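Accompanying notes for the structure given below.
The values are calculated or read from the model by the stated rules, or taken from the named source; none is laboratory data. Nothing here was measured: the structure is a model prediction, and the numbers come from that model. We place every Cβ from the backbone using ideal geometry, glycine too, and count neighbours over all the protein chains shown.
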Amino acid sequence: MSSRAVEVAKGVPPLAPEREVIWPKRTKVKLSNGLQVILAESHSIPKFHGQLIFLSGNAAATDRAPGLAEMTATVVRTGTQKRASRQIEEDLRSIGADLSTEAGSDISAISFTGLSEFAEPLLDLVQELAREASFPESEFERERRQKIEEVKLDRTQPGFLAGERLRKVLFGAHPYAQVSPSGAQVTAYKREDLQSVYREFYTPQNALLLVVGDFEPQEMLKGIEKTFGSWGGDQPSEKTFATPANPRGRRVYLVHVPGAVQTQILSGCHAITRKHPDWIKLGLTNTLYGGAFNSRLVINIREDKGYTYSPRSAVNPLRHHGYFSISAAVRNEVVAASLTEMFYELNKLRSLPVPESELADAQNYLSGVFSLGLATQDGLLAQFSTVAQHELPDDYLETYRAKVRAVTSEELLATARKYLDSANMQIVLAGDRAQIESQAALFGELEIFDAQGNRLAS
Amino acid sequence: MNRLQIPIEHKKLANGLHVVVAPDSTAPVVTVGVYYKIGFRLEPQGRSGFAHLFEHMMFQGSANAPKMQHIKLINSSGGVLNGSTSYDVTNYYEAVPSNALERVLWLEADRMRALKVDDENLKNQRDVVKEEVRVNVMNEPYGGFPWLDMPPVAFRNWANAHNFYGDFADLDAAHLGDVQAFFKTYYVPNNAVLLVLGDVKPGEGMALAEKHFGSVPAGAAPQFADPSEPEQSEERRGNVPEKFGTLPAIAVGYLMPKRRTSDWCAMALLDQSLHGGRAGRIHRQLVLEKQIAVETDGGVDDLFGYNGPTQMTTKILHKPEHPSEAALAAFDAVIRETQEKGIGADELQQLKVKWRSDYYATLESGRGGYMPKYGLMHLLACFTLFDGEPQLVNNILDGFIAVTPDQVHEVAKKYLRNDKRAVVFRIPAKNGLPAGAGSQEAA
């Protein structure tokens, strides 16, 4: 690939013996109302970070309206039985806290961080938002009007347009295909719809409470039991959806952005969930391909050819399905050249075993960066949250590094052959059709859309 | 009140390199940074964007670690690395498992000693930087707003007013001689600070710093151009067309007082009163109450990290049915209120608690969650390079805690004046000029 000989470094100091990686002990308790509580100490700063996660998100409400769980989360923070919006914001400020409410495909969440000395009032507010949100009419109306402007703005972002189209292409009739509502869908939201989502999703049976930081766990647990113990509610009914078919044959989807001076490439295919036994193998394959600075894709299209600033690939896990994606924003003249290199590197992983030294480098990378999160409260929270949300085994964090280091070159070859086939990659290009249409058409049957999602004649 | 104290060792090596070590064995992770006291503000005239382009060149190879080896050696040690260019400093940093500490120091010392780059590397990174500018500015709704739009309107000294990402013609004109000259002038140990934070034993960090950096020869002390601005005595306005976005936008920037003065501390808290999230006055009045704006944010960008003229900037995206002047008038009403009434003692007390909480969060983390102690590194570096006092990290809070309501009231009157501000209107191209926005004044 590289147009010049690779030179090696001279006189590099060897690595010292590794210090043991020890994850903080977790206190896991299920309260009598069904709320799962996970606590861990980290005394780096006199603060704590937490998340109250509800295991239902936009996907579980898509049959009612796309984005409904997200709108519900937005309005949750704007009023309770006891506090008006302004009071909530000033109370947060007075205890030095930050709080956000959001929903993704699979979860709704209240995330918070604050000073340890004010843990009690912050947990109390979180509890109040989870149990007694009042959905004030005027706040709902304002947030809905805001949202209409926001969805218009989203449709001017090449990255958003490419991501939205890829999800539609990969997931078809499944709720995972919907990443954002249309303006008309937002206009049709009703306050009562939000309230029923809230009643169904925001229950202790459906929730995980994670708190990491500077506190004494038994004391924190007592406070949580006192604050959250009397909260009641049922498990929402689980909806199931037919498994979407992994698209076969390569096709190209061009989202026309008039005047774009660059093209956002996003290519993808189905992959796996975090619970899948191949997760670590595919993660390592991704690291080698485009998941790190020192990866084949970055070396090729950035450091050798200068086509792009930020190429990357990722395995994206949703709860029930996952997908693999390759992205790069490239100048318009090199769209075809960039796709050619992307697929060349993919094919190479399927055809030739990865050399042992390159495999070892990638294993060190993946196991090393995994433990960087140990140093910060939010880094720890992110790891514990992943384990809890995806129902991974209790020893997942402790055994991860050894599992990464056990993967062999043969297994990587088999993994690439199983999941990554350039002949079936779906290609999305967000850019100006006048600049890139002829290049796009070289890679498969072409469909063209405008930014609103309307099909254009090709 | 629980106050965080960071243990710090600080020493200047014989070649002038400052070394700051802050041991913390909580996690087996160490963060290393090297900061050079040169940013895009004082890059050479006719070479706009060069400080940033040069930052890219620092990853292209040094005497004993050729192209891709820096990246490969850090990643394969289980770590991450990056660099960034700002107004007055350029940084290079790594977070790695602590067993790779010596390797990281060796690499940073190797590129402080000698760059080894060629024309092909320069052409390659010039292409990469152009794609960076396209993805972040030219192809992005509101790209560069207001950080690239504001300087040419607000400032008169080229140092503060030019395009920091670089005009493409200037990037194209840059040649290898510029790279080596810039390196020789500014990338000398006596213009830099090395930071070692995290899992390192007291004493060990200093010893390793001496071992790897001690022999890097000192250079001539760099001469810096004067970045000061002529006194501003009139409001400045400019218009920038928005190519992709759907909403009209306004940015308003007020000149900040000199850093580390009591006015500066009071302005920082006033900034929080105005911009502090959903409780902030601007968001509350423009977005929540009057509902003219869809989004507002702003403040002083990197309060501790600048060393020259800077502004407190508010950014407003407003609904198209309101004329720009109406949105600006609503903003002015918020400012006038602080000038007429100041802020209450209760509010100031809340702001101080939030300030302390945010400060701890900055020290612990601060860059995308993957770079532990990025904020601590940044503050230690700036306090060392600008003030010669890394210990400020442990007592800078005192000045903010001491601010009184009267001081906030005074700075509102003294600094939030129309003749000390600049306003940029970024209007969706199809909507034309904002009503009454005046003529183009961008320099």
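Observations
- Residue count for the stretch A:268-283 under the criterion of being touching a residue at least 40 places away in the same chain (Cβ under 8 Å) and touching a Ser or Thr at 6+ places or on another chain (Cβ under 8 Å): the result is 5.
- Any chance residue B:324 is at pLDDT 95 or above and under 20 Å from residue B:402 (Cβ atoms): no
- Complete set of residues in the stretch A:230-262 that are farther than 30 Å from residue A:328 by Cβ and surrounded by 15 or more Cβ atoms within 10 Å (Cβ to Cβ): A:231, A:233, A:236, A:241
Here's the yes/no breakdown for (1) charged (D, E, K, R); (2) in contact (Cβ under 8 Å) with a residue 40 or more places away in the chain; (3) in a loop (DSSP other than H, G, I, E, B):
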| residue | (1), (2), (3) |
| --- | --- |
| A:89 | yes, no, no |
| A:92 | no, no, no |
| A:99 | no, no, no |
| A:102 | yes, no, no |
| A:105 | no, yes, yes |
| A:110 | no, yes, no |
| A:113 | no, yes, no |
| A:119 | no, yes, no |
| A:128 | yes, yes, no |
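- For residue B:159, the test of being more than 13 Å from chain A (Cβ to nearest Cβ), of a type in the set (A, V, I, L, M), within 30 Å of residue B:242 (Cα to Cα) and in contact with a Leu (Cβ under 7 Å, 6 or more places away or on another chain) is passed.
- Within the stretch A:301-332, being more than 10 Å from every other protein chain (Cβ to nearest Cβ) and either aromatic (Phe, Trp, Tyr) or without any contact (Cβ under 8 Å) to a residue 12 or more places away in the chain (or both) holds for A:323, A:324.
- Taking the stretch A:43-61 as the range and being among the polar types (S, T, N, Q) and within 11 Å of residue A:378 (Cβ to Cβ) as the test, the residues that pass are A:44, A:51.
- Residues that are within 16 Å of residue B:82 (Cα to Cα) and either at pLDDT below 95 or more than 8 Å from every other protein chain (Cβ to nearest Cβ) (or both) within the stretch B:111-128 comprise B:111, B:112, listed in sequence order.
- Residue within the stretch A:47-68 that is at the interface with chain B (Cβ under 10 Å from one of its Cβ atoms), charged (D, E, K, R) and not in a strand (DSSP E or B) present: no
- Residues satisfying the stated conditions in the stretch A:231-267, i.e. touching a Lys or Arg at 6+ places or on another chain (Cβ under 7 Å) and part of a loop (DSSP other than H, G, I, E, B): A:231, A:259, A:261
- Helices (runs of 4 or more DSSP H) completely within the stretch A:178-230 that count 2 or more residues being in contact with an Asp or Glu (Cβ under 7 Å, 6 or more places away or on another chain) and assigned by TED's automatic domain parsing to the domain that holds residue A:114: A:217-228
- Residue within the stretch A:26-40 that is among the polar types (S, T, N, Q) and under 30 Å from residue B:117 (Cβ atoms) present: no
- Enumeration of residues in the stretch B:23-46 that are within 27 Å of residue B:221 (Cα to Cα), part of a strand (DSSP E or B) and not aromatic (Phe, Trp, Tyr): B:32, B:33, B:34
- Among (1) farther than 30 Å from residue B:228 by Cα; (2) out of contact with any His (no Cβ under 9 Å at 6 or more places or on another chain); (3) modelled with pLDDT of 95 or more, the one test that residue B:55 misses: (1)
- The one condition from (1) out of contact with any strand residue (DSSP E or B) (no Cβ under 6 Å at 6 or more places or on another chain); (2) buried (at least 24 other Cβ atoms within 10 Å of the Cβ) that residue A:349 does not meet is (2).
- Residues that are within 11 Å of chain B (Cβ to nearest Cβ) and either among the β-branched types (Val, Ile, Thr) or touching a helix residue (DSSP H, G or I) at 6+ places or on another chain (Cβ under 8 Å) (or both), drawn from the stretch A:123-160: A:139, A:142, A:143, A:146, A:147, A:148, A:151, A:152, A:154, A:155, A:156, A:160
- Scanning the stretch B:319-330 for any residue that is out of contact with any strand residue (DSSP E or B) (no Cβ under 8 Å at 6 or more places or on another chain) and within 25 Å of residue B:161 (Cβ to Cβ) turns up nothing.
- Residue, nearest to the other protein chains (Cβ to nearest Cβ), within the stretch B:129-152, restricted to residues that are over 24 Å from residue A:256 (Cα atoms) and surrounded by fewer than 20 Cβ atoms within 10 Å (Cβ to Cβ): B:148
- Subset of the stretch B:173-201 (residues that are more than 20 Å from residue B:213 (Cβ to Cβ) and out of contact with any helix residue (DSSP H, G or I) (no Cβ under 7 Å at 6 or more places or on another chain)): B:173, B:175, B:177, B:180, B:181
- Meets criteria (over 30 Å from residue A:355 (Cα atoms), assigned to a helix (DSSP H, G or I) and charged (D, E, K, R)) for residue A:391: no
- Any hit, the stretch A:335-342, residues being within 14 Å of chain B (Cβ to nearest Cβ), more than 21 Å from residue A:308 (Cα to Cα) and either at pLDDT 95 or above or assigned to a helix (DSSP H, G or I) (or both): no
- Helices (runs of 4 or more DSSP H) completely within the stretch B:67-136 that count 2 or more residues being more than 21 Å from residue A:288 (Cβ to Cβ): B:101-113, B:119-133
- Residue ID - surrounded by the most Cβ atoms within 10 Å (Cβ to Cβ), chosen from residues in the stretch B:83-98 that are within 13 Å of chain A (Cβ to nearest Cβ) and touching a residue at least 60 places away in the same chain (Cβ under 8 Å): B:95
- Unique match (being part of a helix (DSSP H, G or I), within 14 Å of chain A (Cβ to nearest Cβ) and of a type in the set (Phe, Trp, Tyr)) among B:331, B:386, B:400: B:400
- Among the residues of the stretch B:345-372, those identified as touching a helix residue (DSSP H, G or I) at 6+ places or on another chain (Cβ under 7 Å) and in a loop (DSSP other than H, G, I, E, B) are B:365, B:366, B:367, B:369, B:370, B:372.
- Close pairs (9 angstrom Cβ cut-off, 6 or more residues apart or separate chains): facing chain B (nearest Cβ under 7 Å) in the stretch A:6-35, of a type outside the set (Phe, Trp, Tyr) and surrounded by fewer than 17 Cβ atoms within 10 Å (Cβ to Cβ) anywhere: A:10/B:63; A:19/B:25; A:21/A:398
- Any hit, the stretch B:66-80, residues being surrounded by fewer than 21 Cβ atoms within 10 Å (Cβ to Cβ), out of contact with any strand residue (DSSP E or B) (no Cβ under 9 Å at 6 or more places or on another chain) and either farther than 25 Å from residue A:24 by Cα or in contact (Cβ under 8 Å) with a residue 24 or more places away in the chain (or both): yes
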